[in-house]
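Report on the following structure.
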Amino acid sequence: MKQWMRKLFVMFVAIVTLGMYVPPITMNTNAEEEKEAASSNPNVEADAIATLVETHTTDEESAEGQDLYFITEKAKEQTFLKLGPRITSQLDNNLMSTIYENMEEAIQLLLDEEEMAYYGITEDPSNGTGEKIFHLYDTRTENNIAMFHVRRDKRPLEGYWFNFHYHTSHDGFSEHHVLGEIFWDKNTPPNWMT
């Protein structure tokens, strides 16, 4: 019985208040006068065009910035995926942020800002003991531009270190450009992506 009373009360309130509340409608009745005033001043049109051109160039720059942001965020994601939760949970966040910053700087140096939309990142880091984190490539030609890797180094009497580095197509992918190193432990680290 209570449920029927609630339903009847809700229906009664809806019917009684129907049409009581009307949202305010504000129309600009002076539109013709404002249009005439704006067209009579030629400086206003020139200023509007200049503002529009500035906005367009700013939009292009922000689009290039968004492409770079997308690529660097994807690079961080692939690095996190490569290291896996077992390794990343034990690494110092400050050290990883240094690696990420160096990686971002290297990406900015390697990529041409005007063609930022044509670059991509591979999404299949190697697992096990492989070095590959991701490769930067040109999506039009499918040619690699840079290869970002991490290697496990065992130094005598020190323990294991993670060596983050990249190779570029400029030197045939032969030279190591170091991004940074992080100390792991004297014990063997787990395999990648575990």
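The values are calculated or read from the model by the stated rules, or taken from the named source; none is laboratory data. Note that this is a predicted model, so its numbers are computed, not measured. Here the Cβ positions follow ideal geometry from the backbone for every residue, glycine too, while neighbour counts run over all protein chains shown.
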So which residues in the stretch 118-141 are over 19 Å from W192 (Cβ atoms) and among the aromatic types (F, W, Y), if there are any at all? Y118, Y119, Y137
Among the numbered criteria (1) assigned to a helix (DSSP H, G or I); (2) under 17 Å from I71 (Cβ atoms); (3) at pLDDT below 90; (4) not small (G, A, S), which one does E105 miss? (3)
Given (1) crowded, with 17+ Cβ neighbours inside 10 Å; (2) closer than 19 Å to I145 by Cβ, index of the condition Q108 fails: (1)
Out of the residues in the stretch 182-194 meeting the condition of being buried (at least 17 other Cβ atoms within 10 Å of the Cβ) and not in a loop (DSSP other than H, G, I, E, B), tell me which one is modelled with the lowest pLDDT. W192
Exactly one of these conditions fails for I87: (1) modelled with pLDDT of 55 or more; (2) β-branched (V, I, T); (3) within 20 Å of the chain's Cα centre (by Cα). Give me its number. (3)
In the stretch 115-137, is there at least one residue being of a type in the set (D, E), outside any helix (DSSP H, G or I), touching a residue at least 12 places away in the same chain (Cβ under 8 Å) and exposed (fewer than 12 other Cβ atoms within 10 Å of the Cβ)? yes
Has the stretch 153-160 got at least one residue that is surrounded by 14 or more Cβ atoms within 10 Å (Cβ to Cβ) and either at pLDDT 90 or above or closer than 16 Å to L111 by Cα (or both)? yes
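Residues checked against (1) closer than 17 Å to T79 by Cβ; (2) acidic (D, E); (3) in contact (Cβ under 8 Å) with a residue 24 or more places away in the chain; (4) not in a loop (DSSP other than H, G, I, E, B):
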site	(1), (2), (3), (4)
T98	yes, no, yes, yes
R152	yes, no, yes, yes
Y160	no, no, yes, yes
H167	yes, no, no, yes
H170	no, no, no, yes
F173	no, no, yes, no
